[in-house]
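Each value in this text was obtained by applying a stated rule to the coordinates, not by laboratory testing. From a predicted model like this one, the values you see are computed outputs, not experimental measurements. Positions of Cβ are generated from backbone atoms using ideal geometry, with glycine treated the same way; all protein chains shown enter the neighbour counts.
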Amino acid sequence: MKCFCVRTVAACGVLLAVTVDQLGAADWPQFRGHPGASAEDVSAPPTAWGDGKNIAWTAELEGRGVSSPIVIGDRVFLTSCTGPEQERLHVICFDIRTGRRVWERQFWATGSTSCHPKTCVAAPTPATDGRRIFAFYSSNDLACLDREGRLLWFRGLTYDFPQARISLGMASSPVVTDETVVVQVEADTDAFAMGLDVDTGATRWKLDRHRRANWCSPIVWERDATAERLVVLQASNGVWVVRPRTGDLIARYDEGASTISSSSAFGHLLLVPSNGLTALKLPQSGSELETVWRQNRLRPTTCSPLVYKDHVYVISGSILKCADPRTGRIRWQLRLRGPFSSSPVAAGGYLYVFNEDGVGFVVELGPRGRIVSQNPMNETILATPALIDGGLLIRSDRHLWKIASKPQ
Amino acid sequence: MRYHQTFVLLLSSIVVSSLTVGTGLPTRASSRDASIGKWIDAIRAVGHQGAGHEAAQKALQNLHRCGPDALVPILKGIRGANPLAANWLLNAFEVIADREVRGGRGLPADELERFLLDRDNAPRARRIAFEWLAKVDPSVIDRLIPGMLLDPSPEFRRDAVARLMADADRLRGQDQLDRAVALYRKALTGATDQKQVEALVKRLKELGQKVDLQRHFGFIVDWQIIGPFDNTDRKGFAAVYPPEKEVNLRASYPGKLGPVRWVPIHTDDPYGIVNIAKSVAPYKGAVMYLTAEFVSRESRPVEFRLGTPNAVKVWLNGKLLFAREEYHRGMFLDQFRVPAQLQAGRNRILIKLCQNEQTEPWAQRYEFQFRVCDPSGLAVLSAERDGAASSP
C-alpha cells in the first residue's frame, strides 16, 4: 500500500494527499481491493477455519446484499437492502475488532428496485477515498457519507435519467480516484458513465455509452511512465480508457468484452475478459489499445481475473487457471467446485475463493496450485471477500464474518 | 414524558448548537424554529443532477448539529419533498436521533407518536418515526400496529397483515376454522405485498375459500387487441402506427401480415397476465396494441403498474405516460410504476407491446400484466367492472 500513497501524493500534490492518506495497507477501499485490482501483499489469513476456529466474529445481517465489505482503519462498511421491494438502502459501519455495529444509516431508493431473485439492490460494492464512503445501489442511488454516517450528498441517477435501469438489476461498483467517483450505469435503454466531484456530487463529466445491459465495474489503471491514473470502462463492445477528472477518452478497444467479469491491471498491461482473456497496452500513438496477447482458454465466467505476484488467475466454470500475465501462457490449472459468483483474492501465497454454496477454498500458490482446505460456511455466498492484514471479511446471505486467527 | 425529562439536556443542546451554527449567537426558540425551517427548505430545493447541493450541504451540516427539537420538523419536511431531498432529510433525522439514543437522552416520544398517527404526513416518514420510537419503546408495536391494516403506508399494512395472519394461524391450529377464515379475509383487505397475498390465498384455499386475485390487485383482464404491425430490426417501437393516432375499434388497418382489426382478448390468469404468444400467436418482430376503458367516479391520482419482458409504451387519454425499449430482462409484478391522473368518467388506456426477433428460448415471451391501484398499491377498480362494490 505504501506505493499507492507515495506515488499518488507525488503525482497529485498536497490536496489529494489529504484525501487519500488515511488509506493504509490493511484497508480495502473498493470492489476487489486496491485500485487496479493488483493488490499489495498482506499477511495471509488463516488457511482453515470453522467450528469456532479462526472465526474472530460474525455479525448478523438483515435484508439482502451481495456487495462486498470495504475497510478503512478500524471500520468496516457494508451495504444492504431491506423491505419487501428492497426499497430501503442501508449503509452499516462495524468495528473491525469486535463486529459491533457502530452506526447504520438508510435511504429510500429513488430508482428501480426490480431485480432477478439471485441478486438484489445492494449489489454494487461501495468505495472510499479514506474520508468518504460512496454507497451505490442497483437503483443507481449514490450516497456519499463521512466516516461517522453523516450524509455529504446524495444523487439519484435513475431519478435523473429514468431509462437508466435494467429489470434484472444492476451491479457495477464505483471507483474513486483524482477526487472523482466514477460510475457506469449501462442498460439497454440508456447507458452512460459519469464522473462526480467527491466533494459536492456535481457531475464532472458524463459519457454516453453503448446501450446494452452491463454489470461489470470500472477499474483504475495507473499509467506506467507518468503514474497518471486512468479509468477503464468495459462493456459488451469493448473498452474505453478515460481520464477520471475530465472523462477524456485516451484509448479504446472495440473487439468486445464481458459484461460481467471485469478487467484487471498488470503494470502497463490491461487484462480484459475479451475473447477469452486479452492483454492490452496503451499505444505509443493513436487511440487504439494495442493487443499484446490473447488466450481464449482463459475465459472468466463470472469472477474477475486476479493479478497476484506476477501471475494472473482466472476461474472458468469450476477450473482455476494460473497464467503468465506477460504472455498468456497457462502454467497450471486446478479443479475446484463451483459455481462461483465471488471473485478470488490472494495474500501471503494463498488464494481464497468462495463458491455459491458458501464453501471457502484455500489454494496454495506456487509452481502448481494445491487445495489446502475447503471451509463450508453453510450459507450462500455471492460476494467477493475483503482482505485485511492476516484476515478476511466475507459476507454471506445472513452474516458478515471475520476470518482471522486472533482478535485484531 | 420523556421529552420533558430531558428538557435540561435539550436546552443545553440547543444553546450549544446555536453557538455553532448560523450567526453563532444564542437564539430564541422562535428564531431557531425559523432557522430549522430555512435549512429544511434549502434541502427541499435539491433537484436533478446535483442542483442545489451547495446550499443543501450547508443546511444539512446545520441540521446534523441540532437537538431533538428538530426531529419532527425534519420528518414533516419530507411530505411533498422530491425523492432526493427526502433522503437528505432522512439522514438529518437519523444522525440526530442516533446521537440522542446513544447518548441515553431518549426521543420526543409523544411528538413522534402524534406525527406517525397523522395519516396526512408522508407515509415513509411516519414509518421512520415509528421505527425509532420502537427502539426506545417497543410497546408501540403492539399498541399501534393492529390499527394500521388499511394505512396509507404499505409497510404498516404489511406488519398489520402479518399479525392477523399469525392470529388466524393460531385459531386454525385450535380448529376454529370459521374465525380463522374471517381473520385471513380481513388480513387480505390490507395486503398488497405479493408474498403475503400468496400466503393468505394458500391458506384460504386450504380452507375451501376462493380468492379473486385479479380483483384483489386490480388487474385489467379484458382488452381489445390489434396487430401485428412491423417491428423488424426493432424499428416498430418508434414507428407511429394508426392506433396511436386514433383508437377506433371498428377500423381496419394494413398490418405486417395483412389487414388487422381490433378483437377482444380476455385473460383468466390470476395475476392478469395477457400471454400474446399463446393466446394470439408467437409473433416475432411485431407490434401489438391493446386498449381498455377505465371508468372512474372521480378525477383522482392512481398508479398504473405493469410487468412485461417486452418493449412497451402506455398512453392515457391520448397522452404518452411511459415508454421503455427493453427486451427480455425479466417480468415481475409491479415491475414498472407509472403515476397517472384519471379523469372522472371514461378513460382510454392504450398499450403498445413490441416483440423483437431474438431466437434464444428465453427470448420468446410476449406478454404483460397491468393493474390500476392507489399509490400505496391497493387496487382501484373501474366503476364499470361487474360487482365492483363486492370484496375479493
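Let a ≥ b ≥ c be the square roots of the eigenvalues of the Cα gyration tensor of the stretch A:287-408; is it rounded (a/c under 1.5), or, if not, prolate (a/b larger than b/c) or oblate?
Judged from the Cα gyration tensor, the stretch A:287-408 comes out prolate (a/c at least 1.5, a/b above b/c).
Rounded if a/c is under 1.5, else prolate if a/b is larger than b/c, else oblate: which is the protein assembly as shown, with a ≥ b ≥ c the root eigenvalues of its Cα gyration tensor?
It is oblate, given that a/c is not under 1.5 and a/b is not larger than b/c.
How many angstrom separate the Cα center of the stretch A:298-327 from the Cα center of the stretch B:313-392?
46 Å
Could you name the aspartates and glutamates in cross-link range of B:LYS278, using Cα to Cα under 15 Å and dropping any fewer than eight places away on the same chain?
B:ASP268, B:ASP269, B:GLU367
Taking the simple approach of a point 7 Å from Cα along Cα-to-Cβ for both B:ARG385 and B:ASP33, what is their distance in nm?
In this crude spin-label approximation the distance works out to 4.5 nm.
Going Cα to Cα from B:LYS210, which lysines come in below 19 Å? Please leave out same-chain ones fewer than 8 positions away.
Candidates past the 8-residue exclusion: B:LYS186, B:LYS195, B:LYS202.
Taking R0 as 25 Å, what's the FRET efficiency between A:SER287 and B:LYS235 from their Cβ-Cβ distance, rounded to 0.05?
Numbers: r = 32 Å, r/R0 = 1.28.
E between A:SER287 and B:LYS235, to the nearest 0.05, is 0.20.
I'd like the Karplus ³J(HN,Hα) series for the stretch A:154-169: coefficients 6.51, -1.76, 1.60, θ = phi - 60°, whole numbers in Hz, and an x wherever there's a Gly or Pro.
9, 10, x, 6, 7, 4, 6, 10, x, 7, 7, 7, 10, 5, 7, x
Quote the FRET efficiency, to the nearest 0.05, computed for B:LEU257 versus B:LEU320 with a Förster distance R0 of 25 Å and r equal to the Cβ-Cβ distance.
With a Förster radius of 25 Å, E is 0.40.
Quick one: what are the phi-derived ³J(HN,Hα) couplings along the stretch B:301-309, Karplus 6.51/-1.76/1.60 with θ = phi - 60°, whole Hz, x for glycine and proline?
Residue by residue, the stretch B:301-309 yields x, 9, 10, 8, 10, 9, x, 6, x Hz.
What residues qualify as long-range amide H neighbours of B:VAL260, i.e. H under 5 Å apart, gap of 5 or more or another chain, H built at 1.01 Å from N?
Excluding prolines and chain starts, which carry no amide H, the hits are B:TYR253, B:GLY255.
Using 17 Å as the cut-off for backbone N distance, which residues of the stretch A:265-287 belong to the label zone defined by a point 7 Å from the Cα of A:THR226 along Cα→Cβ?
Hits in the stretch A:265-287 for A:THR226 at 17 Å: A:268-269, A:281-287.
Other chains near A:151-162: what is the mean number of their Cβ atoms within 10 Å of each residue's Cβ?
Mean shielding count: 6.
Which whole-Hz ³J(HN,Hα) couplings does the stretch A:384-394 yield from phi under the Karplus relation 6.51 cos²θ - 1.76 cosθ + 1.60, θ = phi - 60°, glycine and proline marked x?
Coupling constants for the stretch A:384-394: 7, x, 10, 8, 10, 5, x, x, 9, 10, 9 Hz.
Taking every alpha carbon pair in the stretch A:2-404, what does the distance histogram look like in 10 angstrom bins from 0, in percent?
Result returned by the calculation: 5, 25, 36, 27, 7, 0.
What does the structure give for B:325-331 when I average, per residue, the other chain Cβ atoms found within 10 Å of the residue Cβ? Show your work: numbers first, answer last.
Working: counts 5, 10, 2, 3, 11, 8, 2.
Going residue by residue through B:325-331 and averaging, the value is 6.
What's log10 of I(q)/I(0) for chain B at q = 0.07, 0.09, 0.11 Å⁻¹, Debye sum over Cα points only, no solvent?
Log-scaled intensity ratios, in q order: -0.46, -0.71, -0.93.
In the stretch B:251-349, what trypsin sites (Lys or Arg not before Pro) fall in a loop by DSSP, with at most 13 other Cβ atoms inside 10 Å?
Sparse-neighbourhood loop trypsin sites (Lys or Arg not before Pro): B:ARG297.
Which angle between 0 and 90 degrees, to the nearest 10, do you get for helix B:53-64 versus the longest principal axis of chain B when only C-alpha atoms count?
In chain B, helix B:53-64 runs at an angle near 50 degrees to the longest axis.
So, in Å, what gap is there between the alpha-carbon centers of the stretch B:269-286 and the stretch A:155-183?
34 Å
Within a 10 angstrom radius of each residue's Cβ in B:77-88, how many Cβ atoms of other chains show up on average? Whole number is fine.
The shielding value for this peptide is 4.
Return the long-range amide H neighbours of A:HIS399 (sequence gap of 5 or more, or a different chain), with a cut-off of under 5 Å between placed amide H atoms.
For A:HIS399, the qualifying residues are A:LEU61.
How would the stretch A:88-228 be classified by its alpha-carbon gyration tensor: rounded, prolate or oblate, with rounded meaning a/c under 1.5 and the a/b versus b/c comparison settling the rest?
Oblate.
If one computes the Cα centroid of the stretch A:121-147 and of the stretch B:102-180, what distance in Å separates the two points?
Using only Cα atoms, the two centres lie 31 Å from each other.
Run the numbers on the stretch B:154-211 and let me know its relative contact order in percent, using alpha-carbon pairs under 8 Å that are six or more apart.
RCO, the stretch B:154-211: 36 percent.
Relative to the present Cα-Cα distance, how much length would full extension add between B:ALA182 and B:ILE141 at 0.36 nm per residue of separation?
Contour length minus Cα-Cα distance gives 12.5 nm.
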